[in-house]
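Notes to accompany the following structure.
The values are calculated or read from the model by the stated rules, or taken from the named source; none is laboratory data. Bear in mind the structure is a predicted one, so any value in this text is a computation, not a measurement. Ideal geometry is used to build each Cβ from the backbone, glycine not excepted, and the neighbour counts take in all protein chains shown. Ligands, DNA and RNA are excluded from the accessible area calculation, which covers all protein heavy atoms including side chains. Shrake-Rupley method; radii C 1.70, N 1.55, O 1.52, S 1.80 Å.
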Amino acid sequence: MTTFIVANWKMNPLTRKEAEELFSFFKKTTDKRGKVIFCPPFPYLHLGENLNLGAQNCFPERKGSFTGEVSPYMLKDLGCDYVIIGHSERRSVLGEDFFFVKRKVETSINAGLTPILCVGEEKREGTDASGEIKEQIRSALERVSFKEIIIAYEPVFAIGTGSACPIEVAAERRFLIEDILSQMKIEKDSVPILYGGSVNAENAKGYLLEGGFQGLLVGGASLEKEEFTKIIESVF
Ligand code: PGA
């Protein structure tokens, strides 16, 4: 099975020049190193030509009067093959609900993109993690037919905090996700499950080797040339 490393640049870097520099650096280092997928902000997508590209978001309609939004069909036409959907920052900051996330999954599949569906519990302790994750997956994937989909387990408490989820906990959640998929009659081997949340060069490999994940979703560290290169080298 393919190993995926997804670089989520979020709303960074601030200038086109910096984006060009990052892309030209990574064009050299990621050459032939498996599936590294770059998800820059929309205005920089065209600079990533010849790399595996994903968007960080899309709107759940093909075209029309949706001021300020971007269609998954446009993304496909621009050279994207992937799109991140349901990231916790969009769920919390932009108020995206389960149904909106599901519609994005469906529309992006119809457009020929592979959704990278983010799921994960809010708090480190004291929450019903399995209930939360189950609801996120069921609501997004029930009665959706797809050829390819990726799930990223991203516990919200670990995102951007520098305090990653302990590998044993993450591995339990991976089993849980596999269980949810099998209850939904989705062949678990057909869905790569990635870990995301404060991944760095030191902890990256552990999530694959000990945690059994098929890849990583990397935020902050994917903007640092040396660190991200080390992550790629440790994994592939
Ligand atoms: P982080 O972000 O690696 O900076 O924690 C991960 C993400 O939000 O996708």
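The table below gives the values:
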| read-out | value |
| --- | --- |
| Positive dipole terminus of the stretch 4-235, leading residue within VAL119, VAL6, GLY79 (C-beta point charges) | GLY79 |
| Residue-span extension gain [SER139 to LYS17] - 0.36 nm each, minus C-alpha spacing | 39.9 nm |
| All lysines inside 22 Å of LYS123 as judged from Cα atoms, apart from same-chain residues fewer than 8 positions distant | LYS10, LYS134 |
| Mean residue ellipticity (222 nm) of the chain, computed from DSSP H runs ≥ 4 via -39,500 (n - 2.57), nearest 500 | -11000 deg cm²/dmol |
| FRET efficiency, 1/(1 + (r/R0)^6) with R0 35 Å, evaluated for MET184 and SER24 via beta carbons | 0.25 |
| Of LYS28/LYS205; LYS28/LYS102; LYS35/LYS104; LYS104/LYS188, those spanning more than 29 Å from alpha-carbon to alpha-carbon | LYS28/LYS102 |
| Reference-scaled alpha-carbon Rg (2.2 N^0.38 Å with N residues) for the stretch 4-235 | 0.95 |
| Carbon + sulfur, % of accessible area of the stretch 123-236 - ligands and nucleic acids excluded, 1.4 Å | 47 percent |
| 1.4 Å probe accessible area per residue over the stretch 4-235, in Å² | 47 Å² |
| Positive dipole terminus of the chain, leading residue within LEU22, TYR195, VAL70 (C-beta point charges) | VAL70 |
| Cα centroid separation, the stretch 4-83 to the stretch 127-200 (Å) | 23 Å |
| Whether the stretch 6-63 is rounded, prolate or oblate, judged on the alpha carbon gyration tensor where a/c under 1.5 counts as rounded | oblate |
| Cα centre as origin, Lys/Arg/Asp/Glu Cβ charges: the chain dipole, Debye | 600 debye |
| GLU172-PHE98 FRET efficiency (beta carbon distance; Förster radius 22 Å; 0.05 resolution) | 0.40 |
